[in-house]
1. State whether region 36-91 is rounded, prolate or oblate according to the following rule on the C-alpha gyration tensor (a ≥ b ≥ c being the square roots of its eigenvalues): a/c under 1.5 gives rounded; otherwise a/b larger than b/c gives prolate, and the remaining case gives oblate.
2. Please identify, among VAL89, VAL16, VAL63, the residue showing maximal mean-square fluctuation in a Gaussian network model of the chain using a 10 angstrom Cα cutoff.
3. Is the shape of region 1-140 best called rounded, prolate or oblate, per the rule: a/c under 1.5 gives rounded, else a/b larger than b/c gives prolate, else oblate, with a ≥ b ≥ c the square roots of the Cα gyration tensor eigenvalues?
4. Taking the full set of protein chains and a 1.4 angstrom probe, give the accessible area of TYR138 in square angstrom, rounded to the nearest 10.
5. Out of the total accessible area of the chain (probe 1.4 Å, heavy atoms of protein only), what percent is carbon and sulfur?
6. Round to a whole angstrom and tell me the spacing of the C-alpha centers of region 27-68 and region 92-128.
7. So, R0 is 30 Å and r is the distance between the beta-carbons of LYS6 and ASP123; what FRET efficiency does that work out to, to 0.05?
8. With each run of n ≥ 4 DSSP H residues scored as -39500 (n - 2.57), what mean residue ellipticity at 222 nm is computed for the chain after dividing by its residue count and rounding to the nearest 500 deg cm²/dmol?
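The values are calculated or read from the model by the stated rules, or taken from the named source; none is laboratory data. Here the structure is a predicted model, which is why all the values come from computation and not from measurement. Because the Cβ atoms are built from the backbone with ideal geometry, glycine has one as well, and the counts that use them run over all protein chains shown. These area figures cover heavy atoms from the full protein model, side chains too; ligands, DNA and RNA do not enter into them. Shrake-Rupley method; radii C 1.70, N 1.55, O 1.52, S 1.80 Å.
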Amino acid sequence: MAYQLKINGKTQSVDVDGDTPLLWVLRDVVGLTGTKFGCGMAMCGACTVHLDGNPVRSCSFPVEGVGRQAVTTIEAIGQTPVGKRIQTVWVDKDVPQCGYCQSGQIMSACALLKQNPRPTEADVDAAMSGNLCRCGTYPRIKSAILSAAAGAPVKG
């Protein structure tokens, strides 16, 4: 079945089964490979994208559920003020280690700051608890989010 999806501000036509996970549509059909496959069960957060600004796990979200909602991926999150700030702080603080989970981490962090521009450490812990990092970069992730929220000067 054909679906018209608004992805990163552009309308894309895709012809896939309705139960195809959004992740595979983004990666294999549209060619946006920044969103990663992690656990395949919506438990690790590596596949996080935004639908109308809200984080969803694309590995378990069927494309037929997208409807008219705007899909934003890591490739375009830097075009938003919050996304640009998060990405800048992420680089400034050398947050990634292996980097595999980082696109999902950034997408969740942006959703948090969009909903709560001044989160507490507890707010950050709660919002990011569904994003797993095998390298254990959690302290740097938290520090980056709190710095972005505080408006700390960043390089670049």
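1. In terms of gyration-tensor shape, oblate.
2. VAL16
3. prolate
4. 100 Å²
5. 53 percent
6. Using only Cα atoms to place each centre, the spacing works out to 17 Å.
7. For R0 = 30 Å, the calculated efficiency reads 0.50.
8. Per the formula, -9500 deg cm²/dmol.
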